[in-house]
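Colleague: Handing you this structure, nothing more for now.
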Amino acid sequence: MWESADGEFMGYNSCAVSTAEIKKRKQTSVAVSQKNGLYKIACGYEGGSKLIMRTRSVCRVPGVKTTGVVMRGECGANGKPCVVECD
């Protein structure tokens, strides 16, 4: 289990990958989903790593229309930033 320095995001990453290697990975996607009033923000990184945050605040990916209960944004390589806004 890995956790961000501020404790907001967490996820499972392979123990075979060094901390330095994980820190070098660039973010490639972001997704926001909602179920029963709980929002889940999933940030995807190179190599398939994901870090997750759960919150009761209403969250969205700016400029992305929702498809059901999921909003996805591709970012990183195309120069677009990975952004999520929460109220």
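Colleague: In straight Cα distance, which lysines are under 26 Å from Lys23, not counting same-chain residues fewer than 8 positions off?
Modeller: Within the straight-line limit of under 26 Å, Lys23 reaches these lysines: Lys40, Lys50, Lys80.
Colleague: So, one more: Let me check against my output: what whole-number percent is the relative contact order of the chain, with C-alpha pairs under 8 Å and at least 6 apart?
Modeller: Working: 161 pairs, mean separation 24.2, N = 87.
RCO, the chain: 28 percent.
Colleague: With labels modelled as points extended 7 Å from the Cα through the Cβ direction, what inter-label distance (nm, one decimal) is found for Arg72 paired with Thr19?
Modeller: So the two model labels end up 3.3 nm from each other.
Colleague: Could you sort Ser14, Ser49, Ser4 by their accessible area in this structure, using a 1.4 Å probe and putting the largest first?
Modeller: Numbers: Ser14 60, Ser49 15, Ser4 35 Å².
Descending accessible area places them as Ser14, Ser4, Ser49.
Colleague: Rounded to the nearest 500 deg cm²/dmol, what is the calculated helix-only ellipticity per residue at 222 nm for the chain, with -39500 (n - 2.57) per DSSP H run of length n ≥ 4?
Modeller: On the way: 1 runs with 6 residues, N = 87.
The per-residue figure over the chain is -1500 deg cm²/dmol.
Colleague: Same structure again: Might you list the cysteines of the chain that have no disulfide-compatible partner by the rule of another cysteine's Cβ under 4.7 Å?
Modeller: Among the cysteines of the chain, those whose Cβ sits 4.7 Å or more from every other are Cys15, Cys43.
Colleague: If amide H atoms are built 1.01 Å from N in the plane of the peptide, which residues on other chains or at least 5 residues away come under 5 Å of the amide H of Arg25?
Modeller: Here the answer is none, since no amide H 5 or more places off falls under 5 Å of that of Arg25.
Colleague: Which Cα, out of Thr55, Thr66, Cys43, lies furthest along the positive dipole direction of the chain (beta carbon charges, K/R +1, D/E -1)?
Modeller: Thr66
Colleague: Sticking with this one: Give me Rg/Rg_expected for the chain, where Rg uses Cα atoms only and Rg_expected = 2.2 N^0.38 Å with N residues. List each step's numbers first, then the result.
Modeller: Numbers: Rg = 13.3 Å, N = 87, 2.2 N^0.38 = 12.0 Å.
Dividing the Cα radius of gyration by 2.2 N^0.38 Å gives 1.10.
Colleague: Let me ask something additional. Roughly how big is the chain's charge dipole about its Cα centre, with Cβ charges of +1 (Lys, Arg) and -1 (Asp, Glu), in debye to the nearest 20? If you can, show how the numbers build up before the last one.
Modeller: Working: 13 positive and 8 negative charges, 50 e Å.
The calculation lands at about 240 debye.
Colleague: Still on this structure, I have one more. Taking a 1.4 Å probe, which of Arg60, Arg25, Arg72 shows the most accessible area, and what order do the others take after it? Display every interim value, and only then the final one.
Modeller: Values: Arg60 75, Arg25 55, Arg72 155 Å².
The most accessible residue leads, giving Arg72, Arg60, Arg25.
The values are calculated or read from the model by the stated rules, or taken from the named source; none is laboratory data. Quick caveat, the model's predicted, so the values are computed rather than measured. Backbone-built Cβ (ideal geometry, glycine too); neighbour counts: all protein chains shown. The area values use the complete protein model at the heavy-atom level, side chains included, leaving out ligands, DNA and RNA. Shrake-Rupley method; radii C 1.70, N 1.55, O 1.52, S 1.80 Å.
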